[in-house]
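Have a look at the structure below, then the notes.
The values are calculated or read from the model by the stated rules, or taken from the named source; none is laboratory data. Worth saying up front: this structure is predicted, and the values here are computed from it rather than measured. No Cβ is skipped: glycine too gets one built from the backbone with ideal geometry, and neighbour counts run over all protein chains shown. Calculation scope for accessible area: heavy atoms of the full protein, side chains included, ligands and nucleic acids excluded. Shrake-Rupley method; radii C 1.70, N 1.55, O 1.52, S 1.80 Å.
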Amino acid sequence: MAAAPALLALLLALAAPLAGADDPYRYFTWTVTYGPISPLGTTQQGILINGQFPGPRIDCVTNDNLIVNVVNNLDEPFLLTWNGIKQRKNSWQDGVAGTNCPIPPGANYTYKFQAKDQIGTFTYFPSLALHRAAGGFGALNVYQRPAIPVPYPPPAGDFTLLVGDWYRAGHRQLRQSLDAGNALPPPDGLLINGVQSPPAFVGARGGTYLFRVSNVGLRASVNVRIQGHRLRLVEVEGTHPVQNVYDALDVHAGQSLAFLVALDQPPLDYAVVVSSRFAPANLTAVGTLHYAGATARAPGPLPAGPPGQYDWSVNQARSFRWNLTASAARPNPQGSYHYGTIPTSRTLVLASSSPALAGRRRCAVNGVSFVVPDTPLKLADNYNIANVIEWDSLPARPAGGAPPRAGTPVVRLNLHEFIEVVFQNTENELQSWHLDGYDFWVVGYGNGQWTEMQRQTYNLVDAQARHTVQVYPNGWSAILVSLDNQGMWNLRSAIWDRQYLGQQLYLRVWTPQQSFSNEYSIPTNAILCGRAAGLPH
């Protein structure tokens, strides 16, 4: 995608006169259809938004109100979720099966939400029925208000890279394979902005450019690097890290980050390389960083990827540190919130597994494989519909010898609790976990089984805040979360076949003191389905 300095300047100019006034509204109408796409060179059926694959990019400014009318012209129910947007007090707009009824074929739903107190690099994608394997995803970039500086000079341009794995098989075929109890085969390729070789990213020598990278694939971890150039990390999922410089960066399923690149080399064309990580087959997609006026490619082979061992990736993850002096979307420094001094109210240790249920492979958390109910959990809670939610049925720690089972677990938590969550991986493949509605601090990574003694290794000063964390094979990752956002929130595997097969649950963050200062009411246009069909709004 071409650099957009003019677009950024326009957005900031529009935001400036609105300071102190009502936050602006941005309106979109998106029609979702099937259509032919050829991301790997052969034609297949994809999911298009307004005829585009990937879908339209949203560019907005902190606190903008986004009104997105989604018209579903598919032959299946459809939902979009807004990955990393916190939906403050508004899980009604989260767009996952536990909070929203699907948009029926031929119908529409208008999402109404605010990019409240956020800046950074985010995405949207379909959340149902493996639609994500067919497209329907896109970028959502939130720029800062003029009064709130970011900790680097304005870049000369801004590039968005949606990267990830891709299959030639359609989403229905992949879904049928999973439903039959089979694992997904290895992906057939990697994409950058929907193709293997995207149009060149064009910049001028002497300028510094911002690259926003999001892994929108189904499951593969990837590595990103640019021939002959260093990558200065400046954003991780909406927060500002210490600006370390890297030759290459790992981006795991569901994750986003942004880095600055100084165009300080001879004016040539340089390779932008995305390659798969920790996979039997080395898949690669290659773009071009084009210096304006260049007429030749840089000599030499493509830059090699990092070592295939997990240690390199773990060490890089540990090097990510929160910038304590940078402003967030609000003017106060990020480090003014001393997360490491707050006592935790409870600990959840969540272990992933791949058990067989009724003779078919499923995925589970603490032995419970999530089954999507016919009535969204948020509606069942709102209308006090019985026998939909299994309240607090998930063990707080792995259940030991208990047999695996199917269920619909919701963990009840209190508004303003401060909790510790440990993701335990006893399997041989890398995991990736995402929490809707929140950022969290990744305070530790480790090998083997987590114990309370591991808390002595936690980073309680400047751990990186983000919304999606990787968990290395036969290891653990620990996070701390401040539960300041009331609602029903999905905690799930960001590896999409595992999510589809049940590696997810919901957290209900609640207080009996009901008011609009805590949570908004059910939208008047909410689609009602299942046992909530026909009830009043």
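Among the candidates Thr99, Thr43, the residue that is within 19 Å of Asn382 (Cβ to Cβ) and of a type in the set (Ser, Thr, Tyr) is uniquely Thr99. For region 308-330, taking the residues that are basic (Lys, Arg) and under 16 Å from Val236 (Cβ atoms), the one that is surrounded by the fewest Cβ atoms within 10 Å (Cβ to Cβ) is identified as Arg318. Taking region 493-522 as the range and being of a type in the set (D, E, K, R) and part of a helix (DSSP H, G or I) as the test, the residues that pass are Asp497, Arg498.
Do we find a residue being in contact with a Cys (Cβ under 7 Å, 6 or more places away or on another chain), within 19 Å of Leu491 (Cα to Cα) and not assigned by the TED database to the domain that holds Gln87 anywhere in region 387-395? No: zero hits. Each residue in region 357-378 was checked for being within 17 Å of Ser393 (Cβ to Cβ) and of a type in the set (Lys, Arg), and 1 pass. Just name the residue that is most open to solvent (accessible area, probe 1.4 Å) out of those in region 413-472 that are charged (D, E, K, R) and assigned to a loop (DSSP other than H, G, I, E, B). By that ranking, first place goes to Glu429. Scanning region 19-37 for residues being in contact with a strand residue (DSSP E or B) (Cβ under 8 Å, 6 or more places away or on another chain) and in contact (Cβ under 8 Å) with a residue 40 or more places away in the chain gives a total of 13. Checked against (1) without any contact (Cβ under 8 Å) to a residue 60 or more places away in the chain; (2) more than 25 Å from the chain's Cα centre (by Cα), Leu263 meets all criteria but (1). Of all residues in region 276-285, those that are open to solvent by less than 40 Å² (accessible area, probe 1.4 Å) and outside any loop (DSSP other than H, G, I, E, B) total 3. Given the criteria open to solvent by 30 Å² or more (accessible area, probe 1.4 Å) and assigned to a strand (DSSP E or B), does Val273 qualify? Spelling it out, it is not the case that Val273 is open to solvent by 30 Å² or more (accessible area, probe 1.4 Å) and assigned to a strand (DSSP E or B). If you check Asn490, Asn485, Asn525 for being of a type outside the set (Lys, Arg), outside any strand (DSSP E or B) and touching a Gly at 6+ places or on another chain (Cβ under 9 Å), only one passes: Asn485. Could you tell me which of the residues Phe113, Phe125 is open to solvent by less than 10 Å² (accessible area, probe 1.4 Å), assigned to a strand (DSSP E or B), assigned by the TED database to the domain that holds Ile47 and more than 18 Å from Asp64 (Cβ to Cβ)? Testing whether each residue is open to solvent by less than 10 Å² (accessible area, probe 1.4 Å), assigned to a strand (DSSP E or B), assigned by the TED database to the domain that holds Ile47 and more than 18 Å from Asp64 (Cβ to Cβ) leaves just Phe125. Out of (1) closer than 30 Å to Cys363 by Cβ; (2) touching a residue at least 12 places away in the same chain (Cβ under 8 Å), what's the single condition that is false for Gln176? For Gln176, the exception is condition (2). Given the criteria acidic (Asp, Glu) and either outside any loop (DSSP other than H, G, I, E, B) or not assigned by the TED database to the domain that holds Thr511 (or both), does Asp381 qualify? Judged against the criteria, Asp381 is a match. Of the residues making up region 131-139, one or more are closer than 27 Å to Ala329 by Cα, touching a residue at least 12 places away in the same chain (Cβ under 8 Å) and in a strand (DSSP E or B). Only residues that are in a loop (DSSP other than H, G, I, E, B) and under 23 Å from Gly46 (Cβ atoms): list them for region 147-168, please. Scanning region 147-168 gives Tyr167, Arg168.
Within region 37-57, take every residue that is outside any loop (DSSP other than H, G, I, E, B) and in contact with a Phe, Trp or Tyr (Cβ under 6 Å, 6 or more places away or on another chain) and give me the one that is most open to solvent (accessible area, probe 1.4 Å). So, considering only residues that are outside any loop (DSSP other than H, G, I, E, B) and in contact with a Phe, Trp or Tyr (Cβ under 6 Å, 6 or more places away or on another chain), the one most open to solvent (accessible area, probe 1.4 Å) is Gln45.
Checking the conditions here, which among Tyr34, Tyr27 is within 17 Å of Phe125 (Cβ to Cβ), at pLDDT 95 or above, more than 20 Å from the chain's Cα centre (by Cα) and open to solvent by 20 Å² or more (accessible area, probe 1.4 Å)? Result: Tyr34 is the single residue among Tyr34, Tyr27 that is within 17 Å of Phe125 (Cβ to Cβ), at pLDDT 95 or above, more than 20 Å from the chain's Cα centre (by Cα) and open to solvent by 20 Å² or more (accessible area, probe 1.4 Å).
Take the conditions (1) surrounded by fewer than 19 Cβ atoms within 10 Å (Cβ to Cβ); (2) touching a strand residue (DSSP E or B) at 6+ places or on another chain (Cβ under 6 Å); (3) at pLDDT 95 or above; Asp64 misses just one of them, which is (1).
The residues of region 331-360 that are in a strand (DSSP E or B) and buried (at least 17 other Cβ atoms within 10 Å of the Cβ), listed by number, are Leu348, Val349, Leu350, Ala351, Ser352, Ser353, Leu357.
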